[in-house]
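Enquirer: Before I ask anything, here is the structure I am working with.
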Amino acid sequence: MPEEQYEMPALLPEAGNGSATGTCEDETVVNPLRMPVNGEQWTVVRTRPRCEKKLEEVCGLKLMSVYLPLSAKTHSYGGRERTFSSPLFPGYVFSLVNPDQFRWIQQNRFTARILRTGDQVLLLRELQAIRTALLADEVVQVFPFLTKGRPIRVVSGPLRGTEGVVKRLKGKTRVVVNVELIQQSVEIEVESHQLAPL
């Protein structure tokens, strides 16, 4: 596979959200999102049902860069509350692989199929925006991929530089950040004065 050169844009702050352990992330966790080098490429792994954390774990044991966005969900059982971490995008894990690791992950028993993208910069920007939103506890919910709506850019605050489309609900402004490759979107809340049209 020919080596491709990418110029990495400035990403959002490094501290925080990149799960490598299958638990909700905090600001002490090292950012797993980095640009490919020496023939590496970010891939999107479509996992077998309920195998996201298992695949993340075995990738971590092989010291592979892997990102599984997780969200915390609280459930009540008999008057007691318990909080669980669940994949934000069920069935998807993001992994940085070289050619040998690609063959290994493709044949892994937790993998259903592989999606690859040539636009590594775009994918990393989208993942970094989601990671930063998770750290700021700003993710509201996940939607099917959206194509309509006004494109905007967040111009201030922790999500500065994030691009998406605007959705207004009862006077509040919500931004939908698209992840093109897996046709999913994440909705986040921001103040109207933090937005500018593209």
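Just so it is clear, none of the values below were taken in a lab; they were calculated from the coordinates. Every value quoted in this text rests on a predicted model; they were computed, and no experiment measured them. Glycine also receives a Cβ, built like all others from the backbone with ideal geometry; neighbour counts cover every protein chain displayed.
Enquirer: Would you please give the residues with an amide H less than 5 Å from that of THR47, counting only those at least 5 places away or on a separate chain, with H modeled from the backbone geometry?
Expert: HN-HN under 5 Å from THR47: TYR92, VAL93, ALA112.
Enquirer: Please state the relative contact order of the range 41-197 as a whole percent: Cα pairs under 8 Å, 6+ residues apart?
Expert: 22
Enquirer: Please say if the range 41-197 is rounded, prolate or oblate, where rounded means a/c under 1.5 for a ≥ b ≥ c the square roots of the C-alpha gyration tensor eigenvalues, and otherwise the choice is prolate for a/b larger than b/c and oblate otherwise?
Expert: Oblate.
Enquirer: On to the next question. Note down the nm distance, to one decimal, between modelled labels 7 Å out along Cα→Cβ at ARG113 and at PHE143.
Expert: 2.6
Enquirer: Below 24 Å Cα-Cα, how many Lys pairs turn up in the range 41-197? Only count pairs eight or more apart in sequence, or on different chains, if you could.
Expert: So the count works out to 9.
Enquirer: For a quick check: with amide H placed at 1.01 Å from N, whose amide H comes under 5 Å from LEU195's, ignoring anything fewer than 5 positions away on the same chain?
Expert: Under 5 Å from the amide H of LEU195 lie the amide H atoms of VAL155, each far enough along the sequence or on another chain.
Enquirer: For THR83 paired with VAL121, estimate the spin-label separation in nm (one decimal), with each label point 7 Å from Cα along the Cα-to-Cβ line.
Expert: My value for the distance between the label points is 3.8 nm.
Enquirer: Run through the range 39-95 and list the trypsin sites (Lys or Arg not before Pro) located in a DSSP loop whose Cβ has at most 15 other Cβ atoms within 10 Å.
Expert: Answer in residue order: ARG50, LYS62.
Enquirer: Mind listing the phi-derived Karplus ³J(HN,Hα) values for the range 118-135, rounded to whole Hz, using 6.51, -1.76 and 1.60 with θ = phi - 60°, and x for any glycine or proline?
Expert: x, 8, 5, 5, 4, 4, 5, 4, 5, 5, 5, 5, 5, 4, 5, 5, 5, 4
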